[in-house]
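The values are calculated or read from the model by the stated rules, or taken from the named source; none is laboratory data. Everything numeric here is computed off the predicted structure, so don't read it as measured data. Here Cβ is always computed from backbone atoms with ideal geometry, including for glycine, and neighbour counts include all displayed protein chains. Ligands, DNA and RNA are excluded from the accessible area calculation, which covers all protein heavy atoms including side chains. Shrake-Rupley method; radii C 1.70, N 1.55, O 1.52, S 1.80 Å.
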Amino acid sequence: MGTYRALRSLNTRLQSLFMITLVFRMGTLAFPFYAAYLIQQHAVSSSTAGLLVGLYGAGALCTDLVIGAVIKRFSAHRVIPASLLFNALLLLIIPSVGNTLALLLLSFLWGACYEAFTPATYSETVAHSSLDARKVAFSCNRLAINIGMAIGPLLGSLVFLRNADAVFYINAALSLLALGACLVFGRATPTTSGLPVAGKGEGLPEVAPHERSRLLVILLAALPVHVAYALPPTFLSAFIIHYTSLPTYYVGVIFFINALLVIVFEVPINLRMAQVSSSRSLVAGFLLAGVGFFLMGFGQVGALLMVATVLWSLGEMIVFPGITHYISSISSRGTVDRNLGYYSAGVNIGVMIAPALAFMLVSRPSLPSPWLLAGFILLLFAVAVGVMKTSTVLWNKQA
C-alpha cells in the first residue's frame, strides 16, 4: 500500500514517465539472449558473440559520456522518444542481417540507442520533482525498471526456444508501444497534486560549490557498487552451477527473492528515509550490501545465501536511489544532466568489469572469492563515506 500511495502521489508527468519506463523495460527480451541468438542463428563463434555483446556495452558507455550535451541541446523529452524509435528500428533490422561486420555496427548503435533512455529519464525526474521529493521519485523510476526487467527476460525465455527471431520483434513492438505512450502522455502538464512540481533544476544553484571534487568522490564511491551489483546478473548462475554443490534452482530462487523485495519494499523504505541525509543513507546501504556480498562468499550453504540475498537487496534499495539523489543535489542546473550521464556510465563499466574479474578470481584458488572481495570493499567504502562526510570540499553535508 505504501508503494501504491507513492505512485499515486506522483504528479502527472512522473506518472506518465513511470508507465513509459515500465512498458519499455518489459520489452527487454532480446538482449539477455543476444549471445545465444548469435551462436544459434548466425553460427558465429563464442568469441565473436562476446565481441558483439561487448560492442553493445561500448555503445551504451559512449552514450553515457555524451548524453549530457545531447540533452542540453535537444531536451530530455525529445531524447526519450528518439531513443524508443531508433531502438525499435534496430531491433527490426538485426534479425535480417547476416553479415558480421554489419552486426558489429548495429550492435554498437543498439547499445547507444537503448542507453540514451535511462539518463534522459533521470533528467526528467529531476526536472519534475522538488529536491525534497526527488529520492522518492527516483525510487519510483527504479520500481518501473525492476518490474519491467523481471517480466521482459522471463517472457523472452518462453519465446526464444520457440522462435528466436520473435524476441526481437516483440521487443520492437513494446518499444513502439512505449513510444506511443510517450507521444500521447509524455507531454502531460504536471498537476499541482502529488509530489511537488519543479521547474528544471529546482533547488539547484547556477554554480554548485566544490562540484568537481564532490562529483569525483561520489562517482568513485559508486564504482565498486556497480561492479558488485553486476555480479548477480553476470556471474551468479555460473557460480551456483559450477562452483557450488547446490541445485540449479537456487539461481531462480535468489533472483526471485531480490526482485520481490525490491518491488515490494524499495519505495516504502525510501519514503521513510526521505529526510535522512545522503551520507547516512549511503553508509547504511554500503554496510548492508557489504555484509550481504561477503556472506555470498560462503556459497555452499543455501540458507546463508538466502540471508545474504536479503541483505544485499536491502542495500540495493537504499544505495541506488541515494546516489542518484545525491548527484542531483551536488550539481548545478547546467551540469546535472551531464553528471547523471557519468553515473550511468559507471553502471556499464561495472557490467563490463565484473564477469571478467569474477572468473579470473575463481580460476585461481589462492585469490579471494569475488563475493568476499566485493563485500570487503563495500564495507571499506562505508567507512570512507563516514569519514569524507566531515569535509565540506568532498561532501555536501546539507544533501
*For the subset of region 361-381 comprising residues that are at pLDDT below 95 and among the small types (G, A, S), which member is most open to solvent (accessible area, probe 1.4 Å)?*
S366
*If you go through region 154-169 one residue at a time, do you hit one that is modelled with pLDDT of 85 or more, open to solvent by 10 Å² or more (accessible area, probe 1.4 Å) and in contact with a Ser or Thr (Cβ under 8 Å, 6 or more places away or on another chain)?*
no
*Would region 135-144 turn up any residue that is touching a residue at least 12 places away in the same chain (Cβ under 8 Å), part of a helix (DSSP H, G or I), out of contact with any strand residue (DSSP E or B) (no Cβ under 8 Å at 6 or more places or on another chain) and surrounded by fewer than 17 Cβ atoms within 10 Å (Cβ to Cβ)?*
no
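Any idea how many residues of region 1-39 are of a type in the set (A, V, I, L, M), more than 21 Å from F168 (Cβ to Cβ) and either crowded, with 20+ Cβ neighbours inside 10 Å or out of contact with any Cys (no Cβ under 8 Å at 6 or more places or on another chain) (or both)? Walk me through how you get there before you give the answer.
Of all residues in region 1-39, those of a type in the set (A, V, I, L, M) come to 1, 6-7, 10, 14, 17, 19-20, 22-23, 26, 29-30, 35-36, 38-39.
Checking which are more than 21 Å from F168 (Cβ to Cβ) leaves us with 1, 6-7, 10, 14, 17, 19.
Restricting the remaining residues to those that are either crowded, with 20+ Cβ neighbours inside 10 Å or out of contact with any Cys (no Cβ under 8 Å at 6 or more places or on another chain) (or both) gives 1, 6, 10, 14, 17, 19.
Looking only at that region, the number is 6.
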_Which numbered condition P355 misses (of (1) modelled with pLDDT of 85 or more; (2) of a type outside the set (G, A, S); (3) touching a Ser or Thr at 6+ places or on another chain (Cβ under 9 Å))_ = (1)
*Do you know which residues across region 270-307 are within 19 Å of A144 (Cα to Cα) and open to solvent by 40 Å² or more (accessible area, probe 1.4 Å)?*
L271
*Taking R214 as meeting all but one of (1) open to solvent by 70 Å² or more (accessible area, probe 1.4 Å); (2) basic (K, R); (3) at pLDDT 85 or above, write down the number of the exception.*
(1)
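Is it the case that M388 is more than 30 Å from L51 (Cβ to Cβ), in contact (Cβ under 8 Å) with a residue 60 or more places away in the chain and open to solvent by less than 60 Å² (accessible area, probe 1.4 Å)?
Yes, satisfied.
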*Tell me which residues, restricted to region 65-109, are aromatic (F, W, Y) and over 12 Å from S175 (Cβ atoms).*
F74, F108
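For region 183-195, indicate whether the set of residues that are at pLDDT 85 or above, in a helix (DSSP H, G or I) and not basic (K, R) is non-empty.
Taking every residue of region 183-195 in turn, at least one turns out to be at pLDDT 85 or above, in a helix (DSSP H, G or I) and not basic (K, R).
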*Any idea which of V319, V351 is of a type in the set (A, V, I, L, M, F, W, C), open to solvent by 20 Å² or more (accessible area, probe 1.4 Å), under 28 Å from T121 (Cβ atoms) and touching a residue at least 24 places away in the same chain (Cβ under 8 Å)?*
V351
*Is it true that I240 is open to solvent by less than 30 Å² (accessible area, probe 1.4 Å), over 30 Å from R333 (Cα atoms), touching a Pro at 6+ places or on another chain (Cβ under 8 Å) and in a helix (DSSP H, G or I)?*
no
